[in-house]
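In what follows, a structure is listed as structure tokens, so that the remarks can point back to it.
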There are 2 protein chains.
Amino acid sequence: MTDDTTRSETEVLIMEATYAALRRHGYADLSVAQIADEFKKSKSLLYYHYDSKDDLIAAFLSFAADQFMADIEAVTAAEEPVATVRTLVDHLLTVESREMRDGQRMIIELRGQAVSEPRFRERFTRVDDRLRERIRSALAAGVERGVFDAEIDPEDTAGMLYAALTGAMVQQHTADGDPTEAVRRMIHRRLDRLVVD
Amino acid sequence: MTDDTTRSETEVLIMEATYAALRRHGYADLSVAQIADEFKKSKSLLYYHYDSKDDLIAAFLSFAADQFMADIEAVTAAEEPVATVRTLVDHLLTVESREMRDGQRMIIELRGQAVSEPRFRERFTRVDDRLRERIRSALAAGVERGVFDAEIDPEDTAGMLYAALTGAMVQQHTADGDPTEAVRRMIHRRLDRLVVD
DNA sequence: GTCTATAGAAAGATAGAC
DNA sequence: GTCTATCTTTCTATAGAC
């Protein structure tokens, strides 16, 4: 279900080295040599496992997407509708550690590349669809159970919320000043009002 | 006010060549040679006018930001509060020509680079601040004149709206499926409700 | 200001041994 | 599967003439 292409032990090590290299250098001027530097074994071994640099990065994006989605599923599993949305919002907008910050920065930078890299775009499409659907289904379930105002359109509302989350993350990492708190407040306030007392 | 560094005729030609090269090749593997190819004069002349490639690109980003903001000001000039926000939303979410699409893609791609390029980040900070402020002041003016519900917090609301706009644009150009219509509908609907009858 | 020519560095990728 | 060594291309940037 998670499209986990089977990854050998070495391949997992390569993915981790790629992660480390991306954290350290960013994507813009990431070289295969830099990835190899984060890797116990040799540079040419990377070419044994992947046909090209682009191939390797595309594989990494799948790897990262798998990890990210598993993380999300774990956090929001088995919560009721309102809590699911709130948790998701807080999870996406919170940067508690340097590791999380670097991880998000990496994603934002790679996302920019998806403009012209079809393989990247494909992975982001997948993640977007799943997150949006997660919000939509929570909203729909809420309406069905009578906890949310029946006036809302779960599809559009989910699209709007997820766009706001994406935009806040992008702005946070590509401009000074942090818009995430305003967005978080607005969404929680909105949820308060949507809940039928 | 617009921080227009004075640009010589040749420099404007270089900016236009850079724009053409970015449209054609994207930022990811843009070379100075490719910029020169869109330019009547020689490659080395680029280095006479700019110290380095990064310098040239940073200058281009200022140039593009100036154009973009002038465009926005022109479209929203002298409109009343509600119309200003509606026009801004439609303007940012509408892609009517190939030129507009390419322009937006270019911005999104460059924005990804702002993660690790301080000079890029600085430019995006400026544009973000101005657009957010434009929305905020329109909302505040609307409240003051009694056309908007006095309950809203113009600052946070502007942050939320602008985040949604940014997110919709980013998603539109970095994933398949177009979330802009949902976001546009939601915002206009929201504005309908905010207007005190 | 503008050109041609090229230096110098770095990158992606492969050859071939073990 | 993994290594070392290296080929080849491409790129940024400069030198030096006009």
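Helix content alone sets the calculated 222 nm mean residue ellipticity of chain A: runs of n ≥ 4 DSSP H residues at -39500 (n - 2.57) each, divided across all residues, give -24500 deg cm²/dmol. Assuming charge only on the beta carbon of Lys and Arg (+1) and of Asp and Glu (-1), the dipole of the stretch A:1-60 about its Cα centre is about 280 debye to the nearest 20. Comparing B:ARG145, B:ARG101, B:ARG23 in a Gaussian network model of chain B, where Cα atoms under 10 Å apart are tied by springs, the biggest mean-square fluctuation is seen for B:ARG145.
Between copies, the label points at A:LYS53 (set 7 angstrom from Cα along Cα-to-Cβ) are spaced 1.1 nm, reported in nanometres from shortest to longest. Placing dummy labels 7 Å off each Cα toward the beta-carbon, the span from A:ASP197 to B:VAL75 is 4.0 nm. With R₀ fixed at 51 Å, the C-beta to C-beta distance from B:SER137 to A:ARG119 puts the FRET efficiency at about 0.75.
Selection among A:ALA138, A:GLN113, A:ALA20 by position relative to the dipole of chain A gives A:ALA20 as farthest towards the positive end (Cβ unit charges, Cα centre).
Compute the long axis of helix A:118-144 from its Cα atoms, compare it with the longest principal axis of the Cα atoms of chain A, and write down the angle in degrees, 0 to 90, nearest 10. Here the helix axis deviates by roughly 20 degrees.
For A:PHE148, the residues whose modelled amide H falls within less than 5 Å of its own, excluding neighbours fewer than 5 places apart on the same chain, are A:VAL143, A:VAL196. Between copies, the label points at B:MET100 (set 7 angstrom from Cα along Cα-to-Cβ) are spaced 3.8 nm, reported in nanometres from shortest to longest.
The charge dipole of the stretch A:48-197, taken about its Cα centre with unit charges on the Cβ of Lys, Arg, Asp and Glu (plus for the first two, minus for the last two), comes to roughly 200 debye. Remark: C-alpha extents of the stretch A:32-154 on the principal axes read 59, 30, 22 Å, sorted largest to smallest.
When chain B is turned onto chain A, the axis of that turn runs closest to one Cβ of chain B, and that residue with its distance in whole Å is B:GLY112, 1. For the protein assembly as shown, a simple Cβ point-charge model (Lys and Arg +1, Asp and Glu -1, everything else neutral) yields a dipole of about 580 debye relative to the Cα centre. Counting only aspartates and glutamates at least 8 places from B:LYS43 when in the same chain, those with an alpha carbon closer than 18 Å to its own are B:GLU9, B:GLU11, B:GLU16, B:ASP29, B:ASP51, B:ASP54, B:ASP55. Distance between the C-alpha centres of the stretch B:123-177 and the stretch B:1-67: 30 Å, rounded to the whole angstrom.
Sorted from shortest to longest, the distances between the A:GLU79 label points of this copy and the other copies are 3.7 nm, with each point 7 Å from Cα along the line through the beta carbon.
The angle separating the long axis of helix B:154-174 from the principal Cα axis of greatest extent in chain B is about 50 degrees. Against chain B, whose longest principal axis comes from its Cα atoms, helix B:9-25 is set at around 80 degrees.
Readers should treat all values here as calculations from the given coordinates under stated rules, not as data from a laboratory. All values reported here derive from a predicted model rather than from experimental measurement. Using ideal geometry, Cβ is built from the backbone for each residue, glycine included, and neighbour counts are taken over all protein chains shown.
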